[in-house]
Amino acid sequence: GAMSVTWALASIVGGRLMVFTSYRFIASVGGAFLVAGSVILALLTPERGWPWAALGSLVIGLGMGCTNTAVIVSIQAAVPWDKRGAATSSCLFMRFVGSAIGAAAFGAVLNLTIERRAPGQWSAVDRLLEPTLRDSMPGPERQHLADVVGAGLHNSYLLSVGLSVAVLLMLLRLPARL
């Protein structure tokens with residue numbers, strides 16, 4: 001959705017601006033977008049609704065585009081021509097590994113929050129997430145489980161804030177030029 005569109009746009013713009021600035025500058029701008037988007041998601045409430053979630057996703061997409069371009073270009077520039085393919089593929093492989101670890105971590109935070117606040121209620125949570133079964137749940141149970149799932153998502157968003165701050169701190173250490 002919004003993240004993929006802004007990711008692509010930020011990759012293009014970041015790449016063009018990098019010629020006039022530096023790897024560190026573009027990566028740091030991207031890191032700042034990652035932090036801002038994560039904070040936006042951490043501040044998500046039911047009253048703010050889907051537009052707020054879309055905004056957070058959009059801002060994170062800007063951050064991913066800028067950081068991705070700066071990191072790939074800096075890696076390619078740091079190795080001899082005959083090693084660029086290996087360096088680029090190693091970077092992409094580590095991105096896949098990081099994505100898998102991240103998905104597991106965010107899922108673990110969500111699941112641990114649900115288990116802590118609604119022990120043994122996994123079948124009820126499954127019903128809540130299935131639109132055709134949700135309406136058959138009693139109102140108070142449905143609201144309680146929605147609050148529990150919301151708390152789990154909020155905790156995942158807080159993890160995202162922490163990780164994005166760590167990423168920004170690492171990106172600030174990226175050399176300006178190689």
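The values are calculated or read from the model by the stated rules, or taken from the named source; none is laboratory data. All values derive from a computational prediction rather than experimental measurement. Note that we place each Cβ from the backbone using ideal geometry, even for glycine, and neighbour counts take in every protein chain shown. Heads up: the accessible areas ignore ligands, DNA and RNA and are worked out on the full protein's heavy atoms, side chains in. Shrake-Rupley method; radii C 1.70, N 1.55, O 1.52, S 1.80 Å.
I'm trying to understand the selection: among the residues of segment 96-126, which are surrounded by 13 or more Cβ atoms within 10 Å (Cβ to Cβ) and either more than 25 Å from the chain's Cα centre (by Cα) or within 24 Å of Ser164 (Cα to Cα) (or both)? Outline the logic, then answer.
The first filter runs over segment 96-126 and keeps only residues surrounded by 13 or more Cβ atoms within 10 Å (Cβ to Cβ), leaving 102, 105-106, 109-111, 113-115, 117-118, 121, 124-125.
Correct list: Gly102, Ala105, Phe106, Val109, Leu110, Asn111, Thr113, Ile114, Ala118, Gln121, Ala124.
Sort out which residues of segment 22-44 are outside any helix (DSSP H, G or I) and open to solvent by less than 50 Å² (accessible area, probe 1.4 Å), and write them in order of number.
Narrowing segment 22-44 to residues outside any helix (DSSP H, G or I): 22, 43-44.
Hit for segment 22-44 is Ser22, nothing else.
Evaluation of Leu110 against the conditions (1) modelled with pLDDT under 95; (2) out of contact with any Phe, Trp or Tyr (no Cβ under 9 Å at 6 or more places or on another chain) shows that the sole unmet condition is (1).
Quick check: anything in segment 132-151 under 30 Å from Thr69 (Cα atoms), open to solvent by 70 Å² or more (accessible area, probe 1.4 Å) and not small (Gly, Ala, Ser)? No. Of everything listed in (1) over 30 Å from Ala27 (Cα atoms); (2) modelled with pLDDT under 95; (3) open to solvent by 60 Å² or more (accessible area, probe 1.4 Å), the single unmet condition for Trp50 is (1).
Taking helices (runs of 4 or more DSSP H) that fall entirely within segment 51-155, which contain at least 3 residues that are polar (S, T, N, Q)?
Of the helices (runs of 4 or more DSSP H) lying wholly inside segment 51-155, those with at least 3 residues that are polar (S, T, N, Q) span 84-117.
Among the residues of segment 24-34, at least one is aromatic (Phe, Trp, Tyr), within 18 Å of Tyr157 (Cβ to Cβ) and in contact with a Leu (Cβ under 6 Å, 6 or more places away or on another chain).
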